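One structure is given here, and the rest of the page talks about it.
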Amino acid sequence: MPEFSQETLPQAQAALSATLTQWQTGDVPDDAALPPSVAFGLSCALAECDARLPLAADYRKAPLCSGDPDELFALLQGMPGDKVAKIKVGLYEAVRDGMIVNVLLEALPDLTLRLDANRSWTRVKADGFARYVAPELRSRIAFLEEPCKTREESRAFARDTGIAIAWDESLREADFRVQAEPGVSAIIIKPTLVGSLARCEQLVREAHQAGLTAVVSSSIESSLGLTQLARIAQ
């Protein structure tokens, strides 16, 4: 995934070819030495061989809110069960994002939103977003993924606004540790960017031990990859 993956496609292909050659001789590949996408794909394949992935899958997803507002309202109103949707924020003005979030939460009292900013805001812009979301509605934002450019700014934003945050990009940084923190409610695991099934399982365990929600999320996988993600979520 350009701009997100550590590896390029040629690097992934070369690593995969070399590892499969090694595997055919009976050597067990070292997940930690592989590019994350290769580690994830190979570990899924090996899990299939050992029947370690469940056949049942959890295909629930939070629909991405975009496009025509009338169509969006109709989609969200027609959702069965818990209404959980996702909005990518930070692509336009922060104030505009805040107004849209506020309107949706106000119009649909049973709606919960997951927001993703991809570290796109300065603290000033993040505060501008928060000002346009009514304080009484903020608890229905399940989390806002990495609102600011640094973790410290994101932590301060959560503390000062009461809007919960989630770690996403941080999971792929060497100094990150999963732990309970004020204002942090979840971690977002993108296996294609994180690595092997074992690494993903470790992150889920650590999240649950810290009282956090672990969300299995997609990058740009094919239908095969998305199915594997749904099985992992199950």
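The values are calculated or read from the model by the stated rules, or taken from the named source; none is laboratory data. Note that the coordinates shown come from a computational prediction; the quantities given were computed from them, not determined experimentally. Please note: Cβ atoms are built from the backbone with ideal geometry, for glycine as well, and neighbour counts cover all protein chains shown. SASA here: full protein model, heavy atoms, side chains in, ligands and nucleic acids out. Shrake-Rupley method; radii C 1.70, N 1.55, O 1.52, S 1.80 Å.
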* Do we find that Phe40 is in contact (Cβ under 8 Å) with a residue 40 or more places away in the chain, surrounded by 13 or more Cβ atoms within 10 Å (Cβ to Cβ) and not in a loop (DSSP other than H, G, I, E, B) in this structure? -> yes
* Could you run through the stretch 206-226 and say how many residues are over 16 Å from the mean Cα position of the chain (by Cα), under 19 Å from Ala47 (Cα atoms) and either open to solvent by less than 50 Å² (accessible area, probe 1.4 Å) or not hydroxyl-bearing (Ser, Thr, Tyr) (or both)? => 1
* Asked: What about Val124, is it under 30 Å from Cys148 (Cα atoms), part of a helix (DSSP H, G or I) and either touching a strand residue (DSSP E or B) at 6+ places or on another chain (Cβ under 8 Å) or open to solvent by less than 40 Å² (accessible area, probe 1.4 Å) (or both)?
  -> no
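Filter the stretch 1-24 down to the residues that are in a loop (DSSP other than H, G, I, E, B) and open to solvent by less than 100 Å² (accessible area, probe 1.4 Å), then identify the one that is nearest to Gly225 (Cα to Cα). Don't jump to the end; show me each part of the working.
Start the filter on the stretch 1-24 by keeping residues that are in a loop (DSSP other than H, G, I, E, B), which leaves 1-8.
Subsequent filtering for residues that are open to solvent by less than 100 Å² (accessible area, probe 1.4 Å) retains 1, 4-5, 7-8.
Details: Met1: 14, Phe4: 17, Ser5: 16, Glu7: 18, Thr8: 18 Å.
If we take residues in the stretch 1-24 being in a loop (DSSP other than H, G, I, E, B) and open to solvent by less than 100 Å² (accessible area, probe 1.4 Å), then Met1 is nearest to Gly225 (Cα to Cα).
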* Restricting attention to the stretch 185-195, which residues are open to solvent by 10 Å² or more (accessible area, probe 1.4 Å) and either out of contact with any Lys or Arg (no Cβ under 8 Å at 6 or more places or on another chain) or of a type in the set (Asp, Glu) (or both)? -> Ser185, Lys190, Thr192
* Of the residues that make up the stretch 61-70, is at least one open to solvent by 60 Å² or more (accessible area, probe 1.4 Å), modelled with pLDDT under 90, acidic (Asp, Glu) and assigned to a helix (DSSP H, G or I)? -> yes
* Hey, among the residues in the stretch 104-121 that are outside any loop (DSSP other than H, G, I, E, B) and more than 27 Å from Ser218 (Cβ to Cβ), which one's most open to solvent (accessible area, probe 1.4 Å)? -> Glu106
* Kindly list, by first and then second residue, each pair from a residue in the stretch 69-95 that is more than 21 Å from Ser139 (Cα to Cα) to a residue that is surrounded by 15 or more Cβ atoms within 10 Å (Cβ to Cβ) and modelled with pLDDT under 85, limited to pairs with Cβ atoms under 6 Å and residues at least 6 apart or on different chains. => Leu72/Cys65
* Just a yes or no: is a residue in the stretch 46-57 under 14 Å from Ala230 (Cα atoms), open to solvent by less than 40 Å² (accessible area, probe 1.4 Å) and in a loop (DSSP other than H, G, I, E, B)? -> yes
